[in-house]
Amino acid sequence: AVCSMGNSTSRLYSVLAKTLSSGAVSQHQDCLEQLNSAQLDPIDPKDLLEECQIVLQKRPPRFQRNFVNLKKNTASNHRPIRVMQWNILAQALGEGKDNFVQCPMEALKWEERKCLILEEILAYKPDILCLQEVDHYFDTFEPLLSRLGYQCTFFPKPWSPCLDVEQNNGPDGCALFFLKERFELINSANIRLTAMKLKTNQVAIAQTLKCHETGRLFCIAVTHLKARTGWERFRSAQGCDLLQNLKNITQGAKIPLIVCGDFNAEPTEEVYREFSNSSLNLNSAYKLLSPDGQSEPPYTTWKIRPSGECRHTLDYIWYSQHALNVNSALGLLTEEQIGPNRLPSFNYPSDHLSLVCDFSFNQDPDRLL
């Protein structure tokens, strides 16, 4: 079924329409062949946003979130780099496994939820976008975001839980997108994380980019660690493995680093301490929103399952504090905005909040740790 697009006759209609159905893996190739010729034409983000808003006209409007200025009077001679981190909620899991007992199934329809996700991305216009739980990469995100000027990379989980759901759309995984007009890809690594020397089901993507404007190199990484209580030591081992990989890629922190991810770990967990105390000299950007700059937000995910209410801080944007400054960060949704039924909802497409930060390079490129 394709959503009514009102009276719109936009040239984007066919592209959006072709990405609306949540078909099985076998249908991917057909979809890609249909979209192949369209992929070559750039699309205006304003046109795509209009199309999304037509699809969403019966839903409540987007929540208003404001950026908090965190700049410490440090002049920057280049445009900031906007990075967005978001676990978008895999469609197969949202509909088939996650049991959001207060969320109507109608709110999870891919035809509309997809447009809510795109609307959020288009609203903040990230230069770099890091996503987890992407199970509609080939039929939605890659075809559309590549036409918006992004270079796109996807690394699926080896044994995705999405494949256990009937009428799934293939495995979920991590995806990384960057604007080609701003950056050049120097190196890319798909990392299958290990724990106790065994390969696991969790993955990461790490890419070294060159900023066209400054000529500076930096590394951007995205990951999604193992979920659930009882797996703390496992997450810790995965974190150690990821850090070791990133040390090699950044030549021991010579190249600045930004790590985005759903770590499935509260700040009290060992894996959080590993990142905080790493020789890579990382800080968590969202701590800077707290009055003392030392506390994480009270939540980045908030949902209600049959077992009860789950309100946790699990999502982070880590950065090299010796080489990068955080100019601003997007404020979180308030409890009042989220509402008593929590997330996801008709208003918001995922059970995790998007995190967005503006970074600038430290003006002393030779400054050491």
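In the chain, helical runs assigned H by DSSP with n ≥ 4 each contribute -39500 (n - 2.57); averaged across all residues and rounded to the nearest 500, the mean residue ellipticity at 222 nm is -6500 deg cm²/dmol. Annotation: amide H of residue 70 within the under-5 Å range of 328, 329, sequence separation 5 or more or interchain, hydrogens built in the peptide plane.
Highest mean packing comes first when the peptides 99-109, 125-135 are listed by Cβ atoms within 10 Å, giving 125-135, 99-109.
Taking every C-alpha pair closer than 8 Å and separated by at least 6 residues, the mean separation divided by the residue count of the chain gives a relative contact order of 21 percent. Under the membrane-span-like helix rule (DSSP H runs whose alpha carbons stretch at least 20 Å along the helix axis, mean Kyte-Doolittle hydropathy -1.0 or higher), the chain yields 110-124, 232-249.
For residue 258, nonlocal amide neighbours, meaning residues 5 or more places apart or on other chains whose placed amide H falls under 5 Å from its own, are 219, 220, 221.
Using all pairs of distinct alpha-carbon atoms, the Kirkwood hydrodynamic radius of the chain works out to 21.0 angstrom.
Which of 180, 97, 58 moves the most in a Gaussian network model of the chain with Cα springs under 10 Å? Comparing 180, 97, 58 in a Gaussian network model of the chain, the most mobile one is 58.
Surface analysis of segment 144-224 yields an accessible area of 41 Å² per residue, using protein heavy atoms and a 1.4 Å probe.
Using C-alpha pairs below 8 Å separated by at least 6 residues, the relative contact order for segment 58-155 is 37 percent.
Taking the accessible area of the chain, probe 1.4 Å, and keeping the other protein chains in place, the carbon and sulfur fraction comes to 48%.
Applied to segment 262-277, the Karplus parametrisation 6.51 cos²θ - 1.76 cosθ + 1.60 on θ = phi - 60° returns per-residue 3J(HN,Hα) values of 8, 8, 6, 9, 6, x, 7, 7, 4, 5, 5, 5, 4, 5, 5, 9 Hz, with x for Gly and Pro. One Cα centroid belongs to segment 242-305, the other to segment 82-156; the line between them spans 22 Å.
Our coupling estimate for segment 217-229, obtained by passing each phi through the Karplus curve with A = 6.51, B = -1.76, C = 1.60 and θ = phi - 60°, is 8, 7, 10, 10, 10, 10, 8, 8, 7, 4, 8, 5, 5 Hz, Gly and Pro reported as x. Report note on the peptides 166-179, 288-301: ranked by the mean count of other C-beta atoms within 10 Å, highest first, their order is 166-179, 288-301. Across segment 84-95, rounded Karplus estimates of 3J(HN,Hα) from the backbone phi angles (6.51 cos²θ - 1.76 cosθ + 1.60, θ = phi - 60°) give 10, 10, 7, 8, 7, 6, 4, 4, 4, 6, x, 7 Hz, Gly and Pro being marked x.
Principal axis analysis of the Cα atoms in segment 245-369 yields extents of 51, 27, 26 Å, listed in decreasing size. Sorting the segments 78-90, 307-319 by their residues' average number of neighbouring beta-carbon atoms within 10 angstrom, most packed first, yields 78-90, 307-319.
For residue 202, nonlocal amide neighbours, meaning residues 5 or more places apart or on other chains whose placed amide H falls under 5 Å from its own, are 193.
The values are calculated or read from the model by the stated rules, or taken from the named source; none is laboratory data. This one's a predicted model, so the numbers in the text were calculated from it and none came from an experiment. All Cβ positions, glycine included, derive from the backbone under ideal geometry; neighbour counts span all protein chains shown. Keep in mind that these areas ignore ligands, DNA and RNA; they rest on the heavy atoms of the full protein, side chains included. Shrake-Rupley method; radii C 1.70, N 1.55, O 1.52, S 1.80 Å.
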